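Each remark here refers to the structure printed beneath this line.
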Amino acid sequence: MRAENYEARNHPPSNEFEINFGPNHPGIEGNYALKVKVHGDEIVAARADGGYLHRGFEKLMEQRLWIQNIALVPRICVPDPAPMEVAYSMAVEQLCGLDVPVRAQWLRVLQLELSRVAAHLFTFGGHAATTGMYTPMFWGVADRDLLLDLFEELTGGRVYSIYNIPGGVRRDVPDGFLERLSTTLDYIDSRLPDYDNLLFTNQVFVTRAKGTGPITQAQALDWGVTGPNLRATGLAFDVRRDDPYLVYDELDFDIPTEQPGDAWARTLVRRNELLQSIRILRQIIDRLPGVAGPIRAPIPNPLAWRVPAGEAYVRIESSKGELGWYVVSDGSEKPHRVHVRGPSSMHAVQVLEHLVTGCRIEDVAQIMFSLDACPPEVDR
Amino acid sequence: MTDDTQFPVKIEQPGQVAQGGNVFSRVFDELTAFCRSRSLFILHYCTGCGAIELPPAMTSRFDMERLGISPMVSPRQADILLITGYVSVKTLKRVMLTYEQMGSPKYVIGICSCTVNGGMYWQSYATAKKLNDYMPVDLYIAGCMPRPEAVITGLRQLMDNIAKGEANGWQDYYRRYDYYLGNQQRLFGETWQTPTDVIAEAKHYDLFGPETLGKHTELLLQHQKPLEALEMRLGLDAPEKVKS
Ligand code: SF4
């Protein structure tokens, strides 16, 4: 090192210091940063600093064929990739007026809910780790791996499955898959009391998470907060129920809500949503064998596929919140314009900046994980 | 140095140098290399999507810790810089700062196809395509994304290489600093500099060679205002030195 960089200096005139929180920080989720100004250990100002994961998706997609983009889109949100493929495929289907066979719709719901369970397990493991409890994290990751095994069996990929194509899904469930799924679900169900003991009734976690980073319902609506973070403020809004897509209107599930809107409530909502997803998956196990038919509608030669001109907007509920896809076609082989309305860009920028201001520095990581923001999706 | 330099460059091994000399120093070198390979700390820096396979690799199912590998939060104490996927230009700056902060010997592993040749994002305007243009890479683990088993196998390979004294990419950074700096300057601009004095370190490690200096390091010296980088980062005005 250059010696002159290490000379002692006068302190700045005030007692406030600026600290870079991330991108290389164990408490930050992914490759993301916050610039915070601290007074003692209280944060007086915060500025989100994203862009470390920017790849220019919306531009890249304009340069690839409709079918090639399927391989690209899951990479937008790494922990929960399935909703991206489904939403993009649905947008293309809307443009072409393709009807998706019923069985394919069931399979899509199966994939979406599996992905939701995996993402929620990951998130509350992560939230626990930021409060210093590593056991739930180890368990969460290990239990999520069981689901990844199922993904691998169903789709061939552990994380990025690329299971959907416009018109349907790529393959049917393998033999015996539904029984194995059922066993795994039973196992995860049986683990939930352990998670409760370790996390939700743990005094350390309760003390640290309760009252941290509260959002009121009015603020949540103003700021565009969606998903579990919105439901933690007491508003039961879920795209799956309020604007049903695929076969969600035939399924029976509840929308869990909690009241105070703090970190505790947000994580508790996720835990309860996990139960609901398991409930949905059980219904799929029961009803999928009774749904016969093809898994894919025929599409024209994908390498020379001209999608009719027009625009489509599709919204679905991902594990992070409401996910919207706006796709414009000018009748050519490639999309004319694509825009992704990801839930995390609201949660990780304006909401996070607002919530960490005034809290203590050790709660920053906790607030970020409780918001379940997904940095690659913020930057895109 | 031209751009089409083959990588990895064959470098003389310290162990081989010692062969003619003292037996004890050779035994000592081998012992050090063996011990080093059994206690590796990985820096926690998730640059891209490949990072999602690290929690499974580190925790109970695949359990990296049984190999003596565990995560570390500070670059100063870490041995391995794991680049888990695509690096955007903004990230690459931080990666370079981090890499230069790490103490030698240090090892770089590029996980994911994106670090090898740009992968999925080969035509993206925002990402750096080939990692070994900017820093010497000891090992690549290709795949989109590589499974935890592949990551573990790659790490075992690195352990073997270290034990055999073959993982010497870090020496290349000092020997051919001008080449790496040139590539960095092409991306970040000619005024790019980091707070680390690599040239002094090269002399310290006895790795100063004919290719350490060149036209790019000349630019660096020309633009370098020693205190400015840090001052700018802190956002302070002209430095006021404490009177001793
Ligand atoms: S190789 Fe694939 S998984 Fe890895 S960073 Fe690139 S796109 Fe992501």
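The values are calculated or read from the model by the stated rules, or taken from the named source; none is laboratory data. Predicted, not measured: the structure shown is a model, and the values here were computed from it. Don't worry about glycine lacking a Cβ; one is built from the backbone with ideal geometry, like all the others, and counts go over all protein chains shown. Quick note on the areas: whole protein, heavy atoms, side chains included, nothing else; ligands and nucleic acids left out. Shrake-Rupley method; radii C 1.70, N 1.55, O 1.52, S 1.80 Å.
For segment A:160-172, a tally of residues being of a type in the set (A, V, I, L, M, F, W, C) and crowded, with 22+ Cβ neighbours inside 10 Å returns 1.
Checking each residue in segment B:155-181 for being surrounded by fewer than 21 Cβ atoms within 10 Å (Cβ to Cβ) and among the small types (Gly, Ala, Ser) picks out B:ALA163, B:GLY165. Looking only at segment B:58-92, residues that are aliphatic (A, V, I, L, M) and more than 16 Å from the ligand (Cβ to nearest atom) come to 8 in all.
Residue pairs whose Cβ atoms lie under 7 Å apart, separated by 6 or more positions or on different chains, with the first residue in segment B:112-129 and on the phi > 0 side of the Ramachandran plot and the second assigned to a helix (DSSP H, G or I) and near the ligand (Cβ under 8 Å from one of its atoms), are B:CYS112/B:GLY50; B:CYS112/B:GLY119; B:GLY119/B:SER113.
There is at least one residue in segment B:35-47 that is within 9 Å of chain A (Cβ to nearest Cβ) and modelled with pLDDT of 85 or more. Among the residues in segment A:67-81, are any over 14 Å from the mean Cα position of the chain (by Cα), without any contact (Cβ under 8 Å) to a residue 24 or more places away in the chain and either within 14 Å of another protein chain (Cβ to nearest Cβ) or within 16 Å of the ligand (Cβ to nearest atom) (or both)? The answer is yes, given that some residue of segment A:67-81 is over 14 Å from the mean Cα position of the chain (by Cα), without any contact (Cβ under 8 Å) to a residue 24 or more places away in the chain and either within 14 Å of another protein chain (Cβ to nearest Cβ) or within 16 Å of the ligand (Cβ to nearest atom) (or both).
To keep it simple, each residue is scored yes or no on (1) of a type in the set (Lys, Arg); (2) touching a helix residue (DSSP H, G or I) at 6+ places or on another chain (Cβ under 8 Å); (3) closer than 24 Å to A:PHE200 by Cα.
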residue	(1), (2), (3)
A:ASP242	no, no, no
A:LEU251	no, yes, no
A:PRO256	no, yes, yes
A:THR267	no, yes, yes
A:PRO294	no, yes, no
A:ALA304	no, no, no
A:ILE316	no, yes, no
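Among the residues of segment B:58-74, those identified as closer than 20 Å to A:THR130 by Cα and either within 11 Å of another protein chain (Cβ to nearest Cβ) or part of a helix (DSSP H, G or I) (or both) are B:MET58, B:THR59, B:SER60, B:PRO71, B:MET72, B:VAL73, B:SER74. Each residue in segment B:93-122 was checked for being within 16 Å of the ligand (Cβ to nearest atom), open to solvent by 20 Å² or more (accessible area, probe 1.4 Å) and not in a helix (DSSP H, G or I), and 1 of them qualify. For segment A:143-179, residues that are of a type in the set (Gly, Ala, Ser), away from the ligand (no atom under 16 Å from the Cβ) and closer than 23 Å to A:ILE285 by Cβ total 2. Counting only residues that are hydrophobic (A, V, I, L, M, F, W, C) and without any contact (Cβ under 8 Å) to a residue 60 or more places away in the chain, segment B:140-156 holds 4 of them.
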